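Working notes, structure below.
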Amino acid sequence: MRSVLFFVFIAQCGIFFGELHAQSVEVLVLGTAQDAGHPQVNCEKDCCKRAFHDASQQHRVTSLAFSDGEKFYLIDATPDFVEQLQMAKEHFREQQLGGIFLTHAHIGHYTGLMYLGREAMSGQNVPVYVMPRMRKFLVKNGPWDQLVKLNNIELIPLSENKEVQLQTLRVTPMLVPHRDEYSETVGFRLTTKNASLVFIPDIDKWEHWSQSIVDLVKSSTYTLLDGTFFDGDELPGRNMIEIPHPFVTESISALSPLEGTEKEKVHFIHLNHTNPLFLPGSEASNRIKKEGMHVAKRGDTFQL
Ligand SMILES: [Zn+2]
Ligand SMILES: [Zn+2]
Ligand SMILES: [Zn+2]
């Protein structure tokens with residue numbers, strides 16, 4: 001009798017884990033650099049000198065891909081779109097591109113849309129999920145308006161905090177403060193039955209946001225955060241007030257109330273070419289390791 005019960009228990013576990021697996025969503029990191037990539041145009045400093053000649057030291061612009069089980073989706077269309085779409089296609093074998101979610105209208109986040117146009121792949125109604133100002137920007141300005149007129153892309157409206165239901169997950173845009181010259185800026189939360197991932201590649205200092213970053217980390221399984229600059233010493237000669245991203249050192253302080261296991265959820269992404277976190281052995285990288293946090297890498301995957 002006992003062995004029969006044991007068998008039933010094992011069989012049920014199999015079904016349970018099988019269901020979990022079938023419903024699980026994988027998120028893939030396609031790039032981790034700030035908008036202009038690494039190496040950055042015209043940079044003659046050490047951070048890019050080597051990278052111009054050594055592909056292994058280069059970094060693609062920040063973007064994620066995820067699949068809802070039937071189709072795969074991209075977050076942001078970067079200047080590295082050609083290679084990143086290919087990477088996602090090869091990763092999510094036999095699935096089609098289901099759409100692109102855009103965070104905002106800075107060059108690293110939407111200009112890859114040009115590859116959907118008639119000079120390139122000539123997309124057919126590729127769904128592009130956009131907030132209201134982002135939508136207006138694309139509809140009112142060339143060359144993007146041509147993508148809309150020729151139905152290369154189909155703009156799907158997003159609203160703040162309103163979730164989009166896909167097959168096995170929900171995608172929710174969260175407004176964040178940022179230099180919003182042409183569009184508002186959002187981060188996204190991807191939520192499944194089992195887990196959630198928060199992605200905020202660009203934001204002004206944490207204190208300018210109504211949400212608590214500590215609560216945000218607590219409420220998610222993985223948190224991918226703006227890590228553009230490690231600290232204030234990175235851009236001598238530039239007024240850092242014009243570039244109000246939270247420094248990674250400030251994020252570390254803001255997150256200090258978290259327990260160790262909570263800190264492990266944090267992955268910094270969207271690194272500027274000057275950021276010492278690109279160098280695995282740097283003091284900055286060791287600091288992140290000591291904090292129990294992570295630096296996102298291209299090819300990283302997260303199971304939700
Ligand atoms: Zn950016
Ligand atoms: Zn550089
Ligand atoms: Zn930006």
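Selection of first residues in segment 111-129 that are within 16 Å of residue 74 (Cα to Cα) and of second residues that are charged (D, E, K, R) and assigned to a strand (DSSP E or B), restricted to Cβ pairs under 9 Å at least 6 apart or on distinct chains, gives the following pairs, ordered by first then second residue: 125/154; 126/154; 127/154; 128/154. Is it true that some residue in segment 74-82 is more than 16 Å from ligand 1 (Cβ to nearest atom), modelled with pLDDT of 95 or more and under 27 Å from residue 165 (Cβ atoms)? No; the residues of segment 74-82 include none that is more than 16 Å from ligand 1 (Cβ to nearest atom), modelled with pLDDT of 95 or more and under 27 Å from residue 165 (Cβ atoms). Quickly run through segment 214-241 and pick out the residues that are at pLDDT 95 or above and not in a strand (DSSP E or B). The answer is 214, 215, 216, 217, 218, 219, 220, 221, 227, 228, 229, 230. If you go through segment 181-225 and keep only what is among the charged types (D, E, K, R), within 16 Å of ligand 1 (Cβ to nearest atom) and either within 16 Å of residue 76 (Cβ to Cβ) or surrounded by fewer than 16 Cβ atoms within 10 Å (Cβ to Cβ) (or both), you end up with 181, 184, 202, 205. Filtering 69, 37, 112 for residues that are of a type outside the set (D, E, K, R), within 16 Å of ligand 1 (Cβ to nearest atom) and on the phi > 0 side of the Ramachandran plot leaves a single hit, 37. Of the residues making up segment 63-79, those that are more than 16 Å from ligand 3 (Cβ to nearest atom) and either more than 15 Å from the chain's Cα centre (by Cα) or within 17 Å of residue 271 (Cβ to Cβ) (or both) are 68, 69, 70, 71. Please determine whether any residue of segment 261-276 is closer than 24 Å to residue 64 by Cα, in contact with a Cys (Cβ under 7 Å, 6 or more places away or on another chain) and either touching a residue at least 60 places away in the same chain (Cβ under 8 Å) or not in a loop (DSSP other than H, G, I, E, B) (or both). Yes, segment 261-276 has at least one match.
The values are calculated or read from the model by the stated rules, or taken from the named source; none is laboratory data. Quantities reported herein were computed from a predicted structural model and do not represent experimental measurements. Don't worry about glycine lacking a Cβ; one is built from the backbone with ideal geometry, like all the others, and counts go over all protein chains shown.
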